[in-house]
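Peer 1: Could you have a look at this structure, given as structure tokens, before my questions?
The values are calculated or read from the model by the stated rules, or taken from the named source; none is laboratory data. None of the values given here were measured: they were computed from a predicted structure. Methodologically, a virtual Cβ is constructed for each residue, glycine included, from the backbone with ideal geometry; neighbour enumeration extends over all protein chains shown. Side chains included, ligands, DNA and RNA excluded: accessible areas come from the protein's heavy atoms. Shrake-Rupley method; radii C 1.70, N 1.55, O 1.52, S 1.80 Å.
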Amino acid sequence: MTAGVSDVSANTSSRVEVYVDGESLFTGQVDLGKPRELKLRVENGLRLRIAYSDPEDSCETGDLLLADPTLTR
């Protein structure tokens, strides 16, 4: 999966958190113009949760985009 901030976003960064069955698999920041490719192991998982928030806790979160979600064996 690729995570990034929209080119038309008023703000330039976002914090992304990915959980499977309540266990954190990824927490990190994505910035405008610098998408991140996330390769996470989700085998035997039942519930996937993706959350996003402002990395500076100032209520100015960038518009998060998620692309190319792919499951492989």
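Peer 1: Name the residue, out of THR12, THR2, THR72, that is at pLDDT 95 or above and among the β-branched types (Val, Ile, Thr).
Peer 2: THR2
Peer 1: What pairs can you find where one residue is in the stretch 34-51 and closer than 15 Å to LEU71 by Cα, the other is among the polar types (S, T, N, Q) and open to solvent by less than 60 Å² (accessible area, probe 1.4 Å), and their Cβ atoms are less than 9 Å apart, with a gap of 6+ or different chains?
Peer 2: Correct list of pairs: GLU37/THR2; LEU38/THR2.
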